[in-house]
Amino acid sequence: MVAAVLAAALLTACGGEPPEPGVLVNGERLAVVDMHLHTGAWDDMPPDFHSRLRESVPTGFKWTMPFMSDWMLSTSSILGQLDDAGISAAGMFAVYSPHTTGIATNELVSEFCATSPQRLYGFASLRMDQWNVNGDEWLKKFESDLQNLPHMIGVKLAHAHQQVRFDDERFDGMYEIAGRLGKPIYLHTSGSPNPGIRIEPPYNDPYYLEDAIKKYPDTIFILGHAGWDSLNKELTYLDAVIDLVMRYDNAYFEPGALGAERADEKIDEFVQRVKAGGAIPKMIYGSDGAQFPGYVKRHLEAFVAAMQRANYTTEEMRMVLSDNFSRVFKLPKFEV
Amino acid sequence: MRKIINTMTLGLAALLLAGCGEPPPDMRTIELTTNVIRPPGVEGPVEVRVFHAWFLEGNLRHPLHLIEIFPARDGDSFTDTFEYRHEMGDDLAVFAWIDTDGDGIHCTPTVRDDPSGLTVVEDGDATKLEVTVNVTEPCRAPNWFYPTAS
């Protein structure tokens, strides 16, 4: 792992011209937007998450992880990964998850996106762990950040990380604000191996969110990870996701982490079930990177290959890889 | 001589490198007795969860960090023993819910009957604690009860 990281770092720093943008499909290059990337800092992650990250390096090299993590989450590294994968633009997520992966503030994400505003789009979030005490204050800040921080085009929520049930109506104000301001919401669904995350259905099963989807028809709900449970390697809530996005105009989904190695045995089934369910016009591509050097490219290549094996047409792949993103976020179409 | 120096250098480096992780936490074992007060007529097994009431410091400080889940059991009084990283947090919160339909899920989108409740207790230097949890509110997560608006 360390050798791979160091090699990738050297290649990123010393490599030649980045490859041609886009992915080649049936003789045509298609633009790609990865709507789901993370930034942050080692010092803003809790100790249990540090331990999980350190598990990926051998004893004797664990001390390198803070430096490696901060480098991997830096602007230059993220942009390098996008270039290497031929990706035109990306969504950068703020997170307020002190129970699990830590905090990357709205301000940090806005500043991050400012380094390459034509390619990086921000998703704001808010703290939810002391809602009875300071929920009103956080709602005000959330609304202000969405309106005033540059580059914020959407919202990132992660109920399972933030220990909040999907059916808790105390949080309806978030959905109302996002709808009123025209900022689509990305919501994490289903389980993951991160320590401290809630894995029970009320925090992960999108059917618990159906009342909110119905109640706020002007709010766009993007069901993140499409119900893929990367902890148990199962497509646990995929049927629920497809059902909801097909019944509600304001519901979409994202396949983050389904192009990762952990999902190699499920990705073909996933893209086939999406196609059979008629849900391709509701799928917006994202990866949940940049988890390690090369992850973003690996995810994209695996996902495109799976779509090709499932006989997605060029137009269907264009929708998934960039056009659905442009349509939902009211942005011009991406070209290569 | 050179071989000895090389060996010592390698050994020292290995010690330094191995020592650069986070130190192991100081664990405490505690025996907790949870007494549950049910709403009239509500039956079913009870699941108990124990949390740090508060965990970590600074910007990452947060309430209700899960320590242990004790799967649903019949009865109204339960004694459990568990280990936790007491120096990393303050006080304990004990959450309980009643699985009225026995499905193992704390309410579904359409069946909204399973009541829950939470009690916070100071842990101090205790090795034994007893708490009473009044289980009243259907389908509520721990953070619905705590922290409370002052």
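The values are calculated or read from the model by the stated rules, or taken from the named source; none is laboratory data. Quick caveat: nothing in here was measured; it's all calculated off a predicted structure. Note: ideal-geometry Cβ built from the backbone for every residue, glycine included; neighbour counts use all protein chains shown.
Residue check: is A:Lys214 within 14 Å of chain B (Cβ to nearest Cβ) and surrounded by fewer than 21 Cβ atoms within 10 Å (Cβ to Cβ)? Criteria met by A:Lys214. Please determine whether any residue of region A:264-281 is at pLDDT below 95 and hydrophobic (A, V, I, L, M, F, W, C). There is no residue in region A:264-281 that is at pLDDT below 95 and hydrophobic (A, V, I, L, M, F, W, C).
Reported count of residues in region A:222-233, each being assigned to a loop (DSSP other than H, G, I, E, B) and surrounded by 23 or more Cβ atoms within 10 Å (Cβ to Cβ), is 1.
Of A:Thr236, A:Thr219, all but one fail to be surrounded by fewer than 23 Cβ atoms within 10 Å (Cβ to Cβ), in contact with a strand residue (DSSP E or B) (Cβ under 9 Å, 6 or more places away or on another chain) and hydroxyl-bearing (Ser, Thr, Tyr); the exception is A:Thr236. Of the candidates A:Asn148, A:Asn132, A:Asn106, the single residue that is farther than 19 Å from A:Phe334 by Cβ and touching an Asp or Glu at 6+ places or on another chain (Cβ under 6 Å) is A:Asn106. Is it the case that some residue within region A:118-128 is in contact (Cβ under 8 Å) with a residue 60 or more places away in the chain, of a type in the set (Ser, Thr, Tyr) and under 22 Å from A:Met35 (Cβ atoms)? So far as region A:118-128 goes, yes, one or more of its residues are in contact (Cβ under 8 Å) with a residue 60 or more places away in the chain, of a type in the set (Ser, Thr, Tyr) and under 22 Å from A:Met35 (Cβ atoms).
Meeting the requirement of 3 or more residues that are within 14 Å of chain B (Cβ to nearest Cβ), the strands (runs of 3 or more DSSP E) wholly within region A:91-134 are A:95-97, A:102-104. Which of the residues belonging to region A:243-281 are of a type in the set (A, V, I, L, M) and within 18 Å of the chain's Cα centre (by Cα)? Of everything in region A:243-281, those that are of a type in the set (A, V, I, L, M) and within 18 Å of the chain's Cα centre (by Cα) turn out to be A:Val245, A:Ala251, A:Ala257, A:Leu258, A:Ala260, A:Ala263, A:Ile267, A:Val271, A:Ile280. Looking only at residues in region B:38-53 that are outside any loop (DSSP other than H, G, I, E, B) and among the hydrophobic types (A, V, I, L, M, F, W, C), the one that is nearest to B:Asp99 (Cα to Cα) is B:Val46. Residue count for region B:59-90, restricted to those that are in a loop (DSSP other than H, G, I, E, B) and within 12 Å of another protein chain (Cβ to nearest Cβ): 2. Contact map, region A:171-183: first residue crowded, with 19+ Cβ neighbours inside 10 Å and assigned to a helix (DSSP H, G or I), second residue among the hydroxyl-bearing types (Ser, Thr, Tyr) and at pLDDT 95 or above, Cβ cut-off under 7 Å, separation 6 or more or different chains; pairs are A:Tyr175/A:Tyr216; A:Tyr175/A:Thr219; A:Ala178/A:Thr219; A:Gly179/A:Tyr216; A:Gly179/A:Thr219. I'd like the residue in region A:61-82 that is buried (at least 18 other Cβ atoms within 10 Å of the Cβ) and within 27 Å of A:Leu30 (Cα to Cα) and, out of all such residues, is nearest to the other protein chains (Cβ to nearest Cβ). Out of the qualifying residues, it is A:Leu73. Of all residues in region A:274-301, those satisfying the criterion of being part of a helix (DSSP H, G or I) and surrounded by fewer than 18 Cβ atoms within 10 Å (Cβ to Cβ) are A:Lys275, A:Ala276, A:Pro281, A:Glu301. Scanning region B:106-150 for residues that are surrounded by 14 or more Cβ atoms within 10 Å (Cβ to Cβ), farther than 23 Å from A:Met128 by Cα and within 13 Å of chain A (Cβ to nearest Cβ) yields one hit, B:Asp114. Residues that are within 28 Å of B:Leu66 (Cα to Cα), touching a Ser or Thr at 6+ places or on another chain (Cβ under 6 Å) and of a type in the set (Ser, Thr, Tyr) within region A:58-100 comprise just one, A:Tyr96. Give region A:170-193 a look and list any residue that's under 24 Å from B:Leu66 (Cβ atoms) and either within 13 Å of another protein chain (Cβ to nearest Cβ) or among the charged types (D, E, K, R) (or both), or say none. The answer is A:Arg170, A:Phe171. Of the residues making up region A:1-45, those that are small (Gly, Ala, Ser) and either within 27 Å of A:Ile103 (Cβ to Cβ) or at pLDDT 70 or above (or both) are A:Ala8, A:Ala9, A:Gly22, A:Gly27, A:Ala31, A:Gly40, A:Ala41.
Could you go through region B:22-43 and let me know if any residue there is more than 23 Å from B:Pro63 (Cβ to Cβ) and modelled with pLDDT under 95. There is at least one residue in region B:22-43 that is more than 23 Å from B:Pro63 (Cβ to Cβ) and modelled with pLDDT under 95.
Do we find that A:Tyr207 is within 14 Å of chain B (Cβ to nearest Cβ), part of a helix (DSSP H, G or I) and surrounded by 23 or more Cβ atoms within 10 Å (Cβ to Cβ) in this structure? Judged against the criteria, A:Tyr207 is not a match.
Scanning region A:296-314 for residues that are of a type in the set (A, V, I, L, M, F, W, C) and without any contact (Cβ under 8 Å) to a residue 24 or more places away in the chain returns a single hit, A:Ala305.
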